[in-house]
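Q: This is the structure I want to talk about, given as structure tokens.
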Amino acid sequence: MPKLTIDNQDIEVPAGTSILQAAETLGIEIPRFCYHDRLSVPANCRMCLVEVQGGPPKPVASCAMACGDNMVVKTDSEMVKKARKGVMEMLLINHPLDCPICDQGGECDLQDQAVAYGFDRSRFYENKRAVPDKELGPLIKTSMNRCINCTRCVRFAEEVAGTPVLGQLNRGEDAEISTFIGELVRTELSGNLIDVCPVGALLSKPYNFKARPWELRKTETIDVHDALGCNIRVDARGREVMRVLPRLHEGINEEWINDRTRFAYDGLNYKRLDRPYIRDEKTGKLREVEWAQAFAYTARRLQGVKGQEMAGLVGDLPDLESIVALGDLLDRFESPHRDCRTDGSVFDTSAAFGYLFNSTIAGIDQADAILLIGTNPRWEGTLVNARILRNVNERRIKVGVIGPQVDLTYPYAHLGSGPKDIEKFSKSKDGFAERFRNAKNPMIIVGTGAFQRENGLAVHALLSDLCRAFNVVREDWNGFNVLHGAASRVGALSVGFTPGQGGRDFRAILEGTRDGNIKALYLLGADEFDARAAIGWQTFVIYQGHHGDAGAARADVIFPGAAYTEKDGIYVNTEGRPQLAKRASFPLGHAREDWKILRALSEVLGRTLPYNTEVELRQRITAQWPHLTDFDVPMEAAPSDFGVKGPVEAAPFVLPVKDFYNTNVICRASKTMKACAQAFAVPARSEMMEAAE
């Protein structure tokens with residue numbers, strides 16, 4: 001390990017560490033534009049120049065110079081200051097003076113570093129060059145006159161997103177960043193290009209000219225658009241959410257988020273439920289009422305309904321507190337009919353080991369062979385897919401897929417499409433199967449699409465056998481993982497919101513509404529299925545949620561709830577990691593937090609729940625499930641067998657996400673997501689024209 005001196009401070013670093021990284025370890029900040037911690041090193045902006053005594057008689061780029069033994073480095077000498085000022089002057093030669101109207105103002109690296117190294121006048125009297133703006137899609141606005149050719153966007157698109165559509169064209173003064181054939185940036189991570197751009201060349205198109213950063217109230221919270229629990233920051237002005245940005249969390253999303261997380265926030269403003277409704281028994285239409293009227297109407301309709309005739313379903317977005325409150329209310333009526341798997345998936349919930357992402361998301365970095373079954377992680381867990389891509393590129397791990405063939409941004413071996421191919425794979429002794437069998441840390445990632453069939457329990461048992469056949473689970477390694485798509489799913493499974501003794505699951509509950517056995521159904525944010533077609537019209541339906549979507553269309557009474565940005569709540573991600581979401585704004589109109597609605601309703605129904613505050617409710621959760629309030633600690637489940645052995649049908653697996661930009665009620669209400677779905681739609685083969693045509 002080389003020992004060196006930086007600004008009169010001695011340090012010892014691992015071999016291969018750059019001077020810039022070593023300086024940061026000592027708390028010495030070196031300016032940079034092209035260098036980024038998670039991208040390759042191009043060393044083309046030259047802003048990070050330092051002086052190496054005894055080395056070259058000129059400044060060197062600290063991002064590309066590895067530390068050497070007995071090296072003496074100066075980061076603030078006169079040579080360094082003069083060199084950095086020269087670099088800054090060169091960068092500003094063609095940069096437009098439009099900081100007052102640039103959305104990057106107040107958050108711009110170029111602006112910040114110009115304060116320290118800029119000059120108060122220009123010595124360049126020629127015309128500034130003009131670069132045409134590029135059309136990159138409905139999410140990214142370009143102002144290419146501001147571009148300093150740092151190539152961060154080019155490297156991000158290739159190395160992190162896996163879609164190398166950006167590049168640097170031409171040479172010298174004519175150099176510019178563009179797509180090679182004028183296409184859109186088709187990646188679910190495109191919004192991160194805005195974050196990595198150190199100037200105002202790439203900006204958020206939906207946020208353009210909407211607000212300044214110092215006007216916004218910033219709240220650190222959790223994303224609910226998938227089951228990863230990405231850490232985000234919600235910036236709001238008044239009650240309106242203005243933008244969503246990523247927060248650093250090395251174990252989950254690192255410093256990236258997908259476009260659905262970043263841009264779907266405008267859906268919080270449309271198609272919202274802001275007051276209670278009941279269905280008029282004469283006209284059959286919904287009409288607005290006050291809370292007291294809605295509760296009284298519900299109590300009257302539930303009179304004489306027995307617990308065995310009641311059921312509850314939880315959708316993809318509710319927080320843990322509201323799920324527990326609904327479960328407690330159903331317990332008061334002694335109803336065993338409940339389920340949280342409203343996507344129709346069927347799997348063994350008796351042991352957490354069978355439904356958790358046991359390796360943890362960060363554990364992907366330790367796997368040396370990965371088998372994907374019934375999943376498209378690019379759409380179901382975008383940051384999981386990005387982590388797999390990085391390991392494919394950096395460590396050359398191999399990936400196999402059993403399920404539909406899709407573009408995952410990295411090469412893989414396609415091994416089949418259905419359950420029968422799992423049996424075939426477990427007996428195979430060549431190709432990827434042999435590599436998987438000999439892997440030190442083999443990993444299986446299963447999507448919920450593998451369980452969306454009537455014999456899902458048998459598929460689950462088949463996966464249990466597969467783990468044993470390939471030694472996927474050992475004392476020092478747990479490689480079996482289920483990648484869920486719903487933010488509420490693992491939390492609901494953890495608190496037992498599944499059929500009780502003699503209880504009905506999702507499919508049986510819907511069947512019960514049609515044959516008259518289920519007379520009352522409580523939908524807590526359940527919008528993942530066509531409720532009007534699936535639920536019998538003789539059943540009394542209570543819908544509680546924040547958007548007028550599929551569930552509200554079938555409801556007899558509607559209780560307006562709060563969206564994820566409008567309440568404090570616990571969410572448990574696919575690893576079993578509890579995280580606390582914070583309120584960034586307040587609910588609309590008469591809408592209330594979900595657990596409060598259930599507590600108030602229980603009192604009207606004469607089944608009062610035993611908590612009056614959020615603190616008391618969390619104490620109730622801690623008492624029964626202490627690990628669910630141990631925040632940011634993934635659940636550790638003891639290995640066990642799971643599933644129920646039986647015959648499996650040969651039908652291929654079906655992927656649960658058909659449209660990345662329309663997966664939940666917030667996305668479906670978002671105009672931005674609608675524009676993305678139209679712009680990035682892949683045309684059918686019959687619509688694609690060939691050159692010869």
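The values are calculated or read from the model by the stated rules, or taken from the named source; none is laboratory data. All values derive from a computational prediction rather than experimental measurement. Heads up, the Cβs are rebuilt from the backbone with ideal geometry, glycines too, and the neighbour counts pull from every protein chain shown. Ligands, DNA and RNA are stripped out before the accessible areas are found, and what is left, the full protein with its side chains, is counted by its heavy atoms. Shrake-Rupley method; radii C 1.70, N 1.55, O 1.52, S 1.80 Å.
Q: If you check every pair at least six apart or on different chains, which have Cβ atoms under 8 Å apart with a residue in the stretch 200-217 that is more than 22 Å from residue 95 (Cβ to Cβ) first and a residue that is part of a helix (DSSP H, G or I) and of a type outside the set (A, V, I, L, M, F, W, C) second?
A: Matching pairs, first to second residue: 206/266; 206/672.
Q: List, please: which pairs have Cβ atoms under 7 Å, are six or more places apart or on different chains, and start with a residue in the stretch 619-635 that is more than 14 Å from residue 323 (Cα to Cα) and end with one that is open to solvent by 60 Å² or more (accessible area, probe 1.4 Å)?
A: Once the first residue is more than 14 Å from residue 323 (Cα to Cα) and sits in the stretch 619-635, its partners that are open to solvent by 60 Å² or more (accessible area, probe 1.4 Å) give 635/627.
Q: Kindly provide the set of residues from the stretch 573-601 that are small (Gly, Ala, Ser) and surrounded by 23 or more Cβ atoms within 10 Å (Cβ to Cβ), ordered by number.
A: First, pick out the residues of the stretch 573-601 that are small (Gly, Ala, Ser): 576, 581, 584-585, 589, 591, 600.
Scanning the stretch 573-601 gives 576, 581, 584, 591.
Q: Examine the stretch 195-203 for a residue that is surrounded by fewer than 17 Cβ atoms within 10 Å (Cβ to Cβ), modelled with pLDDT under 95, in a loop (DSSP other than H, G, I, E, B) and in contact with an Asp or Glu (Cβ under 9 Å, 6 or more places away or on another chain), and state whether such a residue exists. Reasoning before the result, please.
A: Of the stretch 195-203, the ones surrounded by fewer than 17 Cβ atoms within 10 Å (Cβ to Cβ) are none.
No, the stretch 195-203 contains no residue that is surrounded by fewer than 17 Cβ atoms within 10 Å (Cβ to Cβ), modelled with pLDDT under 95, in a loop (DSSP other than H, G, I, E, B) and in contact with an Asp or Glu (Cβ under 9 Å, 6 or more places away or on another chain).
Q: A further question follows. Please identify the pairs in which a residue from the stretch 82-98 that is free of Cβ contacts under 8 Å to residues at least 40 places away in the same chain and farther than 18 Å from residue 125 by Cα has its Cβ atom under 6 Å from the Cβ atom of a residue that is open to solvent by less than 60 Å² (accessible area, probe 1.4 Å) and in a loop (DSSP other than H, G, I, E, B), counting only partners at least 6 apart or on another chain.
A: Cβ pairs passing all conditions: 83/59.
Q: Kindly indicate whether any position in the stretch 213-220 is in contact with a strand residue (DSSP E or B) (Cβ under 9 Å, 6 or more places away or on another chain) and aromatic (Phe, Trp, Tyr). Walk me through how you get there before you give the answer.
A: So the first thing to find is which residues in the stretch 213-220 are in contact with a strand residue (DSSP E or B) (Cβ under 9 Å, 6 or more places away or on another chain), and the list is 213, 215-220.
Add one more test, that the residue is aromatic (Phe, Trp, Tyr), and what stays is none.
Checked against the condition, which is being in contact with a strand residue (DSSP E or B) (Cβ under 9 Å, 6 or more places away or on another chain) and aromatic (Phe, Trp, Tyr), the stretch 213-220 yields no hits at all.
Q: Also: Any idea which of 83, 114, 66, 43 is over 31 Å from the mean Cα position of the chain (by Cα) and crowded, with 20+ Cβ neighbours inside 10 Å? Can you show your working first?
A: Working: 114 fails: crowded, with 20+ Cβ neighbours inside 10 Å; 66 fails: crowded, with 20+ Cβ neighbours inside 10 Å; 43 fails: crowded, with 20+ Cβ neighbours inside 10 Å.
Among 83, 114, 66, 43, only 83 is over 31 Å from the mean Cα position of the chain (by Cα) and crowded, with 20+ Cβ neighbours inside 10 Å.
Q: Of all the helices (runs of 4 or more DSSP H) wholly in the stretch 475-572, which have at least 1 residues that are under 23 Å from residue 282 (Cβ atoms), out of contact with any strand residue (DSSP E or B) (no Cβ under 6 Å at 6 or more places or on another chain) and open to solvent by 10 Å² or more (accessible area, probe 1.4 Å)? Spell out how you get there, then give the answer.
A: On the way: elements: 489-494, 506-515, 531-534, 550-554.
Filter on the stretch 475-572 gives 531-534, 550-554.
Okay, residues lined up against (1) in a loop (DSSP other than H, G, I, E, B); (2) farther than 30 Å from residue 129 by Cα:
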position: 51; (1), (2): no, yes
position: 64; (1), (2): yes, no
position: 68; (1), (2): yes, yes
position: 76; (1), (2): yes, yes
position: 82; (1), (2): no, no
position: 89; (1), (2): no, no
position: 93; (1), (2): yes, no
position: 107; (1), (2): yes, no
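Q: While we're looking at this one, here's another question. Might you let me know whether the stretch 300-308 holds any residue that is open to solvent by less than 40 Å² (accessible area, probe 1.4 Å) and under 30 Å from residue 444 (Cβ atoms)? I'd like the intermediate steps shown before the answer.
A: We begin by selecting, within the stretch 300-308, every residue open to solvent by less than 40 Å² (accessible area, probe 1.4 Å); these are 302, 305, 307.
Filter once more, keeping what is under 30 Å from residue 444 (Cβ atoms): none.
No, because not a single residue in the stretch 300-308 is open to solvent by less than 40 Å² (accessible area, probe 1.4 Å) and under 30 Å from residue 444 (Cβ atoms).
Q: May I pose another question? Does at least one position in the stretch 135-154 carry a residue that is assigned to a loop (DSSP other than H, G, I, E, B), open to solvent by 20 Å² or more (accessible area, probe 1.4 Å) and of a type in the set (Lys, Arg)?
A: Taking every residue of the stretch 135-154 in turn, none turns out to be assigned to a loop (DSSP other than H, G, I, E, B), open to solvent by 20 Å² or more (accessible area, probe 1.4 Å) and of a type in the set (Lys, Arg).
Q: Separate question: Among the residues of the stretch 518-552, write down those that are farther than 21 Å from residue 587 by Cα and hydrophobic (A, V, I, L, M, F, W, C). Quick ask: steps written out before the conclusion?
A: Just the residues of the stretch 518-552 that are farther than 21 Å from residue 587 by Cα, to begin with: 518-522, 528-541.
Listed by number, the residues that qualify are 518, 520, 521, 529, 531, 533, 534, 535, 537, 540, 541.
Q: On to the next question. Name the residue that is most open to solvent (accessible area, probe 1.4 Å), counting only residues in the stretch 422-453 that are touching a Gly at 6+ places or on another chain (Cβ under 9 Å) and of a type in the set (D, E, K, R).
A: 424
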